[in-house]
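The values are calculated or read from the model by the stated rules, or taken from the named source; none is laboratory data. Everything quoted here is computed from the prediction, not taken from an experiment. As a convention, Cβ positions derive from the backbone with ideal geometry for all residues, glycine included, and neighbour counts pool all protein chains shown. Note: areas computed on protein heavy atoms with side chains; ligands, DNA, RNA excluded. Shrake-Rupley method; radii C 1.70, N 1.55, O 1.52, S 1.80 Å.
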Amino acid sequence: MVRKHLSVGEYTLRIITYLFLIFTAFIFLAPLIWTAITSFKTITETYEWPPTWLPRNFTFDAYINVWKYKDFSTIFKNSVIVSVSSTIICAILASFAAYGFSRFRFKGNKFMMFLFLFTQMVPAILLLLPYFIVMTKLKLVNTYTSLILAYISFSLPFCTWMLKSFIDSIPKDLDEAAMIDGANRTQALVLVVFPLALPGIAATVLFGFLVAWNHYLFAMGLTTSPNMYTLPVGIASLVGEYRVYWNELMAGAIIASMPALLLYVFLQKWFVQGLTAGAVKG
């Protein structure tokens with residue numbers, strides 16, 4: 001194998017490109033790095049000026065205080081229940097809906113897909129009052145059910161749209177071949193189409209989870225007691241009226257970011273395939 005020798009100009013351009021990418025990555029990672037550093041400081045050190053770049057007294061007190069005394073264990077549990085439940089239900093409903101829109105042609109098909117996409121253009125703040133009125137009539141305010149329904153209705157249209165584009169790239173001949181071999185429509189869907197659509201489903205799961213995990217507005221508007229708060233609302237409650245405990249606030253932010261980060265790492269392979277497979281499948 002012959003190694004290509006770079007000219008001085010190409011070598012210089014490559015160095016400049018790498019330096020630019022490193023600088024850009026640092027710009028995006030700097031807030032997260034500073035958040036992590038601050039979470040290990042004492043409250044006194046967080047108010048010092050000029051700020052210390054590294055903790056002088058490295059401590060986990062902020063994490064202990066947040067988890068034990070700020071009731072973050074309950075808040076974390078609420079977020080897990082609401083996010084996982086809404087993500088699973090949304091992924092199932094979006095998979096069947098996307099398959100129906102992809103494989104069947106009926107009157108109003110394109111118009112309904114347009115309506116699905118149009119819902120994403122409506123600001124969430126406009127939906128909060130109608131949601132609250134409906135949930136009040138159903139006596140579901142301050143329950144897991146109200147949050148799960150709200151997050152499903154908010155993320156389901158886009159998940160359906162996204163997954164339909166992926167299922168469109170799977171040849172219909174595979175469905176027909178399975179049915180010729182004796183499978184019914186449901187068996188062809190579950191045994192043939194869904195396994196091939198796993199990358200798209202993974203992208204849908206990641207999107208649905210992030211919507212539910214990070215959403216502040218509905219969690220704040222549909223809950224009335226601290227024991228039903230989710231992580232975005234719980235973190236916001238750490239900001240006091242007269243003083244902010246920055247180390248505890250940063251610790252709460254790190255705790256909240258870990259599940260989403262781990263989920264992305266776990267689904268990264270499938271997520272990338274879900275974004276690119278539509279361009280290579282016929």
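General observations
- Mean-position separation - Cα centroids, segment 171-205 and segment 232-250, in angstrom: 48 Å
- Applied to segment 221-226, the Karplus parametrisation 6.51 cos²θ - 1.76 cosθ + 1.60 on θ = phi - 60° returns per-residue 3J(HN,Hα) values of x, 9, 10, 10, 10, x Hz, with x for Gly and Pro.
- Solvent-accessible area of the chain (1.4 angstrom probe, protein heavy atoms only): carbon and sulfur portion equals 72 percent.
- Surface accessible to a 1.4 Å probe, per residue, for the residues of the chain, Å²: 61 Å²
- Selection among 84, 183, 39 by position relative to the dipole of the chain gives 183 as farthest towards the positive end (Cβ unit charges, Cα centre).
- Accessible-area value, residue 149, 1.4 Å probe, nucleic acids and ligands omitted, Å²: 80 Å²
- Cα-based shape type of the chain, given that a ≥ b ≥ c are square roots of the gyration tensor eigenvalues and the cut on a/c is 1.5: oblate
- Label point distance in nm, residue 264-residue 32, each placed 7 Å from Cα along Cα→Cβ: 0.5 nm
- Extending 7 Å from Cα along the Cβ direction at residue 84 and again at residue 190 yields two label points whose distance is 2.3 nm.
- All aspartates and glutamates inside 19 Å of residue 68 as judged from Cα atoms, apart from same-chain residues fewer than 8 positions distant: 248
- Charge sum, other residues only, whose C-beta stays under 11 Å from residue 98's C-beta, Lys/Arg counted +1 and Asp/Glu -1: +1
- Under a Gaussian network description of the chain, with springs only between Cα atoms under 10 Å, the residue in 183, 256, 219 that fluctuates furthest is 183.
- Among complete DSSP H helices in the chain, those whose alpha-carbon atoms stretch at least 15 Å along the helix's long axis and whose mean Kyte-Doolittle hydropathy reaches -0.5 are 8-39, 72-103, 124-137, 144-168, 198-214, 246-276.
- Across 49, 67, 161, mean-square fluctuation computed from a Gaussian network of the chain (C-alpha pairs under 10 Å connected) peaks at 49.
- Selected from 259, 130, 50 as most flexible by GNM, with the chain as the system and alpha-carbon contacts under 10 Å: 50
- Taking 0.36 nm per residue of sequence separation and removing the Cα-Cα distance, the residue 22/residue 112 pair yields an extension gain of 28.0 nm.
- Accessible surface ranking for 185, 56, 1.4 angstrom probe, highest first: 56, 185.
- Residue order by solvent-accessible surface for 162, 228, 121 is 121, 162, 228, largest first, with ligands and nucleic acids left out and a 1.4 Å probe.
- Shape of segment 1-87, Cα gyration tensor, a/c cut at 1.5: oblate
- Simple label model, 7 Å out from Cα along Cβ direction - residue 179 to residue 104, nm: 1.1 nm
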